[in-house]
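Chemist: Have a look at this one.
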Amino acid sequence: MPATLKPVRYGHTEGHTDVCFDDSGSCIVTCGSDGDVRIWEDLDDDDPKSINVGEKAYSCALKNGKLVTAVSNNTVQVHTFPEGAPDGILTRFTTNANHVIFNGDGTKIAAGSSDFLVKIVDVVDCSQQKTFRGHDAPVLSLSFDPKDIFLASASCDGSVRVWHISNQTCAISWPLLQKCNDVVNAKSICRLAWQPQSGKLLAIPVEKSVKLYRRETWSNQFDLSDSFISQTLNIVTWSPCGQYLAAGSINGLIIVWNVETKVCMERVKHEKGYAICGLAWHPTCGQISYTDAEGNLGLLENVCDSSGKTSGSKVSSRVEKDYNDLFDGDDTSNPGDFLHDSAVEVPSSSKGVLDDDDDDLTLASSRSRHRGHILEDDENSVDVTMLKNELLKEEEDDDQAGSSHNLPLVTSQRPFYDGPMPTPRQKPFQSGSTPLHLTHRFMVWNSIGIIRCYNDEQDNAIDVEFHDTSIHHATHLSNTLNYTVADLSHEAILLASESTDELASKLHCLHFSSWDSSKEWMVDMPQHEDIEAICLGQGWAAAATSALLLRLFSIGGVQKEIFSLPGPVVSMAGHGEQLLIVFHRGTGFDGDQCLGVQLLELGKMKKQILLGNPLPLTRKSYLAWVGFSAEGTPCYVDSEGCVRMLNRGLGNTWTPICNTREHCKGKSDHYWVVGIHEHPQQLRCIPCKGSRFPPTLPRPAVAILSFRLPYCQIATEKGQMEEQFWRSIIFHNHLDYLAKNGYEYEESIKNQAIKEQQELLMKMLALSCKLEREFRCVELAELMTQHAVNLAVKYASRSRKLILAQKLSELAVEKAAELAATQAEEEEEEEDFRKKLSAGYSNTATEWDQPRLRNRTEDTDSRGQADDTEKPPELPEHGQNSKSADTFDVPAIKSGSVTSSNQGRINPFKVSASSKEPAMSVTSTRSTNILDTMNKSSKKSTAFNRAANNEKSPVIKPLIPKPKSKQASAASFFQKKPCQVDKTEEVKEETPKNAPSEAPVLCPQNVENQRPKTGFQMWLEENRSNILSENPDFSEEADIIKEGMIRFRVLSAEERKAWTNKAKGETAIDEAEAKKRKHIPDESRETENQKEAAKENQSVPKKQKLLALSANQKLSAFAFKQE
């Protein structure tokens, strides 16, 4: 009976498609470029079960209830069949695998990849891997010898090779195919196949014929061809009996030969002529399933079946399946028989787990894993495994293997304990390393360099590469002692090996920075003591061992302190004098690890910072990376991608600073962290598509992620500013740590950070003020520096929030008092220090006076505390100009800090001219003017300011003119608060009387005389009557000013300039009158010679007399005039 060709149907999206049958032939399984695996009961199945395995699936294989797929994320995955539950990852490649197959008994799989490698992996314990190297181009296809002695492979390099599986050597190689550079460019995918059962012949599709080679002699026995073949053959497959061979071509032709007679039995043409890329013969009958390169699925029935027997119908296959299920212990082929599968495979896998000593970190699930070292897992497979093990025990007791009736009995005999289950402990690992079972792996990748390990049949070596070749050149080391752990610093390379039956565990250090000729040393550990974790610091090395000991060594090899660890070590890290140890504090439950952390400082004053505190981890996660930032702050990353940093400013707590999962596109994607920088804020990591770690080749590219603290409502402006402020605080805590421990750092970094923080606080205050949240404004002001509070007072007053202004003024006085007390203490300490030094040394007055004067006048103390926003660069003799207190330039003027320390605070409401500020537009909003000034922090010298004063005369910003009616009302408001007067006077009395001299402050009645008029003010005086006549309903001064601003803005530029020049002319007259009254000349209206003369005329007794002015008088010296 000739073969019957059924119409093809849609299976997957356009692209390469693969097909296979299950063990009983009851299902057809296909995979395609849409990343789905579909299970068809027959060709007419309109609702096939679909399992998504990735973005693309290149090949699939099915055996013993295990569905293995080669996926586009460079992995070979396992799923349970027919449930489709993920069951882990068997192996990985650096590029995608092109073909995957099972051996005869389903215990091993072979996979060929585009990175030229072929791997054989044990399905039960994937750490049992063999790698075959020799192809010079991507691998196209593979075929297992039925006797598991040989493996055949075809490659884009044009060769077909046969490998000895036992010793991983190439038995024979034939140059049969056309060479190409990639699978997509290959003329044929050359799906070769061994003859079933005997393995006597190997069939290879070559051009328009099939070549058959004899086993062991490797001679070409004969070729199978046909005149109807017009295009290259793509794939071959044998019938289960080994008598027939089917082949598919790239133009859709399917041909079947009788191998013994070499006669063509069937010729069938694809209805659309698409290339045949998948071909599978039914395991029990004459039925061939095929797929084409367009994603279609087809079926060929009654192939070489003279009797007409077929099982192609849905009914017959189901009847056969049901019939087999009647025999509980006799069915050896039904993959749906869950119990039989466990009876066969669980004993070996269970034993492998119990005897497992591999150090690879494979803890990806929350419960015990009995499949060996599968790299990834999920909860579905764990439950099945637990059931299998319990079933195995029951089967051993009852001597009944594979009985489906045992299932309810076993489940009923489970232990009654239903509480939390203990979590297996995480194994020790080295941060920046990839799993130990890989033949090519990273031993460490850190901020210094990379150490790679190559361990295969051809080479067993270690390569060391430095990011900065000026530290040391790249190094190649032999790995005869099988080093498994490594660390790298700017001083040395540290290696460690496990003990064997003959050799002890060794610690090997290559001290390349040594100045002598002996640059290596090695230490043997005591018997039965293995090194589990190592790290390097500045001048020291540390090794944690299985005996719960931590051994310290000098970088030159001197043994130093030894101490016991509280628990088994998990990982260690070193930086400078700091040593961070993570260990098991106890047993975790329900998937959680129970880890502790120790932080020690190994400098001259050795001390323990963290005393075995619990290490916070995300639920059901484990530790993935631990280390220090480039600035020396401890950090770690868990398996859920949460990055945490030690917050030294909050009692050494751990703060989450980033979640790498937020940056991942797919669920199976991860970021592999290699370093953290605080300045600039960078998380350096390697993106891993579909895996947790990167391959060694090609060299991975490092990506940079930004940090973000998990604050609430991060999408709002308030939430964003809060997150930015506290992130800035956390990421600059290291500056205080460096200063405390005597390290050098750039003062400009700290100044810039303080400036950014104060800007954020001012913006948040302005936002809260706009939202009428005045209490919140005071809370924000408590976080500000004294000068920022002064600016906040001004902003509140200009926003007409007088109660808020008063509260902020009280806060400013308190901060000024605290600052004064702090400075007084520092001066006393410095005085004591100078006295001690002067007892043994003779110093001139010049040597001591200058720093004394500087410390009295600077706002920022000598230890770099964050009390102000700028580092004052001005010389002390020019510090008298304290009246320019309008912008953030105040901290840069040293007399500003002098005033704060002696009077309690400077005048926060004073509006004076400053050459540092350009004239503002009349239409500028109050909030904009206030906040814009924060960006004008001055680091210019006083001499530079003088030059600026000579070049440009000041113009007062016409934001809020000060008419007498408004001044009187404001003054009366302050006079109604006697408690404020008492409080400020108390603060005044408590301030030290022997503090440095300060700039004299004008009396309130003379403030107006010292404030120059602007062109707008003069114009308003002349045009006030016109405005009132046109707008008789204006009763408040603010309405008149607003209307005046609008009219003044309409004037031409020449007219406004004329009024400005007119105001300058009157200013000169005012200055002359001010000098006659012997008041301080305004720095913005004097020439340099006039300023120097004015300073000489000011006497010290007069300054001291002005110290007695009350704080209330200074506050009232704002634009209000007391009455």
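Chemist: Can you spot a residue in segment 831-838 that is among the small types (Gly, Ala, Ser) and open to solvent by less than 50 Å² (accessible area, probe 1.4 Å)?
Modeler: Among the residues of segment 831-838, not one is among the small types (Gly, Ala, Ser) and open to solvent by less than 50 Å² (accessible area, probe 1.4 Å), which makes the answer no.
Chemist: Got a sec? Which of 722, 746, 756, 717 is out of contact with any strand residue (DSSP E or B) (no Cβ under 8 Å at 6 or more places or on another chain), of a type in the set (Asp, Glu) and open to solvent by less than 60 Å² (accessible area, probe 1.4 Å)? Lay out the reasoning, then the answer.
Modeler: Working: 746 fails: open to solvent by less than 60 Å² (accessible area, probe 1.4 Å); 756 fails: open to solvent by less than 60 Å² (accessible area, probe 1.4 Å); 717 fails: open to solvent by less than 60 Å² (accessible area, probe 1.4 Å).
Every option except 722 fails the conditions.
Chemist: Which residue pairs have Cβ atoms closer than 6 Å, lie 6 or more positions apart in sequence or on different chains, and pair a first residue in segment 675-696 that is buried (at least 18 other Cβ atoms within 10 Å of the Cβ) with a second residue that is part of a loop (DSSP other than H, G, I, E, B) and polar (S, T, N, Q)?
Modeler: Going by the 6 Å Cβ cut-off, the qualifying pairs are 675/447; 676/629; 678/629; 690/73; 690/668; 693/434; 695/94.
Chemist: For segment 238-265, give me each residue that is assigned to a strand (DSSP E or B), open to solvent by less than 20 Å² (accessible area, probe 1.4 Å) and either in contact with a Phe, Trp or Tyr (Cβ under 7 Å, 6 or more places away or on another chain) or not small (Gly, Ala, Ser) (or both).
Modeler: 238, 245, 246, 248, 253, 254, 255, 256, 257, 258
Chemist: Let me ask something additional. Give the residues of segment 47-94 that are farther than 22 Å from residue 142 by Cβ, in contact with a Leu (Cβ under 8 Å, 6 or more places away or on another chain) and among the hydrophobic types (A, V, I, L, M, F, W, C), sorted by residue number.
Modeler: Residue satisfying the conditions is 51 alone.
Chemist: Another question, if that's okay. Could you pull out every one of the strands (runs of 3 or more DSSP E) wholly within segment 12-114 that has 1 or more residues that are touching a Gly at 6+ places or on another chain (Cβ under 9 Å)?
Modeler: Ranges flagged: 18-21, 28-31, 36-40, 49-52, 57-63, 66-71, 75-80, 86-92, 97-102.
Chemist: While we're looking at this one, here's another question. Just give me the residues in segment 1-20 being surrounded by fewer than 20 Cβ atoms within 10 Å (Cβ to Cβ) and either touching a helix residue (DSSP H, G or I) at 6+ places or on another chain (Cβ under 9 Å) or at pLDDT 85 or above (or both), in sequence order.
Modeler: Selection gives 9, 10, 13, 14, 15.
Chemist: Just give me the residues in segment 515-537 being in a strand (DSSP E or B), within 13 Å of residue 485 (Cβ to Cβ) and either open to solvent by 40 Å² or more (accessible area, probe 1.4 Å) or of a type in the set (Phe, Trp, Tyr) (or both), in sequence order.
Modeler: Result: 532, single match.
Chemist: Please go through segment 493-512 and pick out each residue that is within 16 Å of residue 428 (Cα to Cα) and open to solvent by less than 30 Å² (accessible area, probe 1.4 Å).
Modeler: 495, 496, 497, 505
Chemist: Please find, among 1024, 1049, 1056, the residue that is in contact with a helix residue (DSSP H, G or I) (Cβ under 9 Å, 6 or more places away or on another chain), part of a helix (DSSP H, G or I) and open to solvent by 80 Å² or more (accessible area, probe 1.4 Å).
Modeler: On the way: 1024 fails: open to solvent by 80 Å² or more (accessible area, probe 1.4 Å); 1056 fails: open to solvent by 80 Å² or more (accessible area, probe 1.4 Å).
Of the residues listed, the single one that is in contact with a helix residue (DSSP H, G or I) (Cβ under 9 Å, 6 or more places away or on another chain), part of a helix (DSSP H, G or I) and open to solvent by 80 Å² or more (accessible area, probe 1.4 Å) is 1049.
Chemist: Among the residues of segment 129-138 satisfying the criterion of being within 18 Å of residue 103 (Cα to Cα) and either small (Gly, Ala, Ser) or without any contact (Cβ under 8 Å) to a residue 60 or more places away in the chain (or both), which is least open to solvent (accessible area, probe 1.4 Å)?
Modeler: Here the residue is 132.
Chemist: How do the helices (runs of 4 or more DSSP H) wholly within segment 760-842 filter down when requiring 1 or more residues that are of a type in the set (Asp, Glu) and either free of Cβ contacts under 8 Å to residues at least 40 places away in the same chain or more than 27 Å from residue 729 (Cβ to Cβ) (or both): which remain? First the steps, then the outcome.
Modeler: Numbers: elements: 774-781, 786-798, 802-840.
Filter on segment 760-842 gives 774-781, 802-840.
Chemist: Please name all residue pairs, on different chains or six or more residues apart, with Cβ atoms under 7 Å, provided the first residue is in segment 224-235 and is at negative phi and the second residue is in a loop (DSSP other than H, G, I, E, B) and of a type in the set (Asp, Glu).
Modeler: Final answer for the pair search is 232/207.
Chemist: Right, next: So if I check each of 177, 202, 151, 142, which one is surrounded by 22 or more Cβ atoms within 10 Å (Cβ to Cβ) and part of a loop (DSSP other than H, G, I, E, B)?
Modeler: On the way: 202 fails: part of a loop (DSSP other than H, G, I, E, B); 151 fails: part of a loop (DSSP other than H, G, I, E, B); 142 fails: part of a loop (DSSP other than H, G, I, E, B).
On inspection, the qualifying residue turns out to be 177.
Chemist: While we're here: State yes or no: is residue 164 more than 24 Å from residue 458 (Cβ to Cβ) and not aliphatic (A, V, I, L, M)?
Modeler: Against the criterion (more than 24 Å from residue 458 (Cβ to Cβ) and not aliphatic (A, V, I, L, M)), residue 164 does not qualify.
Chemist: Considering each residue of segment 46-65, count those that are open to solvent by 20 Å² or more (accessible area, probe 1.4 Å), touching a residue at least 40 places away in the same chain (Cβ under 8 Å) and more than 33 Å from the chain's Cα centre (by Cα), and give that number.
Modeler: Of the residues in that region, 2 qualify.
Chemist: What strands (runs of 3 or more DSSP E) completely inside segment 614-715 contain at least 2 residues that are more than 23 Å from residue 453 (Cβ to Cβ)?
Modeler: 634-638, 642-647, 653-659, 670-677, 682-688, 703-705
Chemist: Here's a check for you: in segment 538-547, which residue that is more than 16 Å from residue 524 (Cβ to Cβ) and surrounded by fewer than 17 Cβ atoms within 10 Å (Cβ to Cβ) is nearest to the chain's Cα centre (by Cα)?
Modeler: 538
The values are calculated or read from the model by the stated rules, or taken from the named source; none is laboratory data. Predicted model only: the values in this text are computed from it and were never measured. Backbone-built Cβ (ideal geometry, glycine too); neighbour counts: all protein chains shown. The protein model used for the area step is the full one, side chains on, heavy atoms only, and it has no ligands, DNA or RNA in it. Shrake-Rupley method; radii C 1.70, N 1.55, O 1.52, S 1.80 Å.
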